[in-house]
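Accompanying notes for the structure given below.
Read the figures in this text as sums done on the coordinates, not as results from a lab. These numbers come from a predicted model, not from an experiment.
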Amino acid sequence: CMNSILPVSYAWGNFSILAVGIWAIVQRDSLDAITMFLTGLLLTVLTDIIHISIFYPPYGYLSDARRFSLGMAIFSLLLKPVSCCLVYRMYRERGGE
């Protein structure tokens, strides 16, 4: 997010889901918070794929900082399904059906 290769909407989407995730962790008895967090994570997986595929520059136009930034964005995208599984387990523990 610190490099300007991806649009501002990428950062806003991920940081807002981070805030909802903190809310879901703090309120342990709220099923709505964990549902919103799981839904938001699933939506950010889709939007991250779209952002990375549209804004990935052609070969030869990447500096080291931009390459690192895109690598971290791809790594974050690869870890989101694991996060979704863990959040789904939390959802089931809180009484979700």
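A value for Cα Rg over 2.2 N^0.38 Å was derived from the coordinates, and within the list (1) 0.98; (2) 1.03; (3) 1.22 it appears as (3). Seen against the Cα atoms of the chain and their longest principal axis, helix 31-55 is set at about 10 degrees.
Mean sequence separation of contacting Cα pairs (under 8 Å, at least six apart), scaled by the length of the chain, corresponds to a relative contact order of 39 percent. Helix 8-26 versus the longest principal axis of the chain: what angle, 0 to 90°, nearest 10, using Cα atoms? Its long axis makes an angle of about 20 degrees.
Roughly how tilted is helix 64-93, in degrees to the nearest 10 and between 0 and 90, from the longest Cα axis of the chain? It works out to around 10 degrees.
With n ≥ 4 as the cut-off for DSSP H runs, can you work out [θ] at 222 nm for the chain, using -39500 (n - 2.57) per run divided by the number of residues, rounded to the nearest 500?
Details: 3 runs with 74 residues, N = 97.
For the chain, the value works out to -27000 deg cm²/dmol.
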